[in-house]
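A quick write-up on the structure given underneath.
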Amino acid sequence: MKYYKDSCPQAEEIIKEQVQLLNKRHKNTAFSWLRNIFHDCFVESCDTSLLLDSTRRTLSEKETDRSFRMRNFRYIEIIKEALERECPGVVSCSDILVLSARDGIVFHCAGVNCLVVLNSSEQDGHDYLFTGSRDGTLKRWALSKNSATFSATFESHVDWVNDAVLTGGNTLVSCSSDATVKVWNGLSDGTCVKTFHQHTDYVTCLAAAEKNKCSNVIASAGLGGEVFIWDIEAALAPVSKSNDAAALN
């Protein structure tokens, strides 16, 4: 946005920092940022009227039944207080509302179950961290020396993401409590390439062949007692299957 690059250069960084602190403290603030935007902007325009206090004659939006028990007004006030310490009277509440929503929704809305790192590729030269969450999404973060910057969300699972592996270079594979295994282009904007449905219960873990970094062979297992071996490039059905523990010995 960079609107405040001259009048308050640290504005966006302050907002991002405060959003991160609030997320650590309250865990579920991504929903709150989205509700801020919806309830403030869905009638005519974004005017931050939902932040107004009641007067003796007028009941404010935040105190009416129409607020649907929203409880995140204080979040905006906390960010505003931090900005006022740096740049008094400069950053508008409307901009705080929009920028906090932008920064807030990049976080997972539930616990993280798995991590996998993609080392620098010739394609873009970045290292990436992928996180899989109980909110049903995976997120990609570009890694630098002292920070990680959000760069994409991978959405297709409808239940917990339980594990993820990288194979065949930039191919990301994930498994979920929705009983599926999904294949993604790890450097895309979140494109799901394939979905495998053979499991009968939660898929809880994955393993990738390590002898050849270009291999596309993975294994998946879950609460159904099944273990599938997949060649993810060649087949829509597994290469082999076992639901007999003895057969694995």
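For the range 84-127, enumerate the residues that are assigned to a loop (DSSP other than H, G, I, E, B), at pLDDT below 80 and of a type in the set (G, A, S).
A110, S120, S121, G125
Taking the range 34-62, which residues are at pLDDT below 70 and either assigned to a loop (DSSP other than H, G, I, E, B) or open to solvent by 100 Å² or more (accessible area, probe 1.4 Å) (or both)?
F42, V43, E44, S45
Taking V98, is it under 17 Å from the mean Cα position of the chain (by Cα) and open to solvent by 30 Å² or more (accessible area, probe 1.4 Å)?
Numbers: under 17 Å from the mean Cα position of the chain (by Cα): no; open to solvent by 30 Å² or more (accessible area, probe 1.4 Å): yes.
No: the conditions fail for V98.
Identify, from the list T131, T153, T149, T180, the residue that is within 21 Å of G104 (Cβ to Cβ) and modelled with pLDDT of 95 or more.
It is T131.
Could you tell me which numbered condition V117 fails, if it satisfies all but one of (1) of a type in the set (A, V, I, L, M); (2) open to solvent by 50 Å² or more (accessible area, probe 1.4 Å); (3) closer than 24 Å to G225 by Cβ?
Result: V117 fails condition (3) only.
For the range 118-138, give me each residue that is touching a residue at least 24 places away in the same chain (Cβ under 8 Å) and farther than 15 Å from N162 by Cβ.
L118, S121, Q123, D124, Y128
Taking the range 214-236 as the search range and keeping residues that are in a loop (DSSP other than H, G, I, E, B) and open to solvent by 50 Å² or more (accessible area, probe 1.4 Å), which one is modelled with the highest pLDDT?
First, pick out the residues of the range 214-236 that are in a loop (DSSP other than H, G, I, E, B): 214-216, 223-226, 232-236.
If we keep only those that are open to solvent by 50 Å² or more (accessible area, probe 1.4 Å) too, we end up with 214, 223, 233-234, 236.
Numbers: C214: 57, L223: 96, E233: 79, A234: 72, L236: 57.
The selected residue is L223.
Would you call D135 charged (D, E, K, R) and either in contact with a strand residue (DSSP E or B) (Cβ under 7 Å, 6 or more places away or on another chain) or under 28 Å from R102 (Cα atoms) (or both)?
yes
Hey, any hits in the range 173-189 for a residue that's within 25 Å of R25 (Cβ to Cβ) and β-branched (V, I, T)?
Applying the first criterion (within 25 Å of R25 (Cβ to Cβ)) to the range 173-189 yields none.
Looking for residues that are within 25 Å of R25 (Cβ to Cβ) and β-branched (V, I, T), one finds none in the range 173-189, hence no.
Taking the range 1-33 as the search range and keeping residues that are aliphatic (A, V, I, L, M) and open to solvent by 30 Å² or more (accessible area, probe 1.4 Å), which one is modelled with the highest pLDDT?
Among those that are aliphatic (A, V, I, L, M) and open to solvent by 30 Å² or more (accessible area, probe 1.4 Å), it is L21.
For residues that are of a type in the set (S, T, N, Q) and under 16 Å from the mean Cα position of the chain (by Cα), tally how many sit in the range 153-188.
Residues meeting the conditions: 6.
The values are calculated or read from the model by the stated rules, or taken from the named source; none is laboratory data. On a predicted model such as this, the values are computed, not experimentally measured, just so you know. Reconstructed Cβ throughout: ideal geometry from the backbone, glycine too, with neighbour counts over all protein chains shown. Heads up: the accessible areas ignore ligands, DNA and RNA and are worked out on the full protein's heavy atoms, side chains in. Shrake-Rupley method; radii C 1.70, N 1.55, O 1.52, S 1.80 Å.
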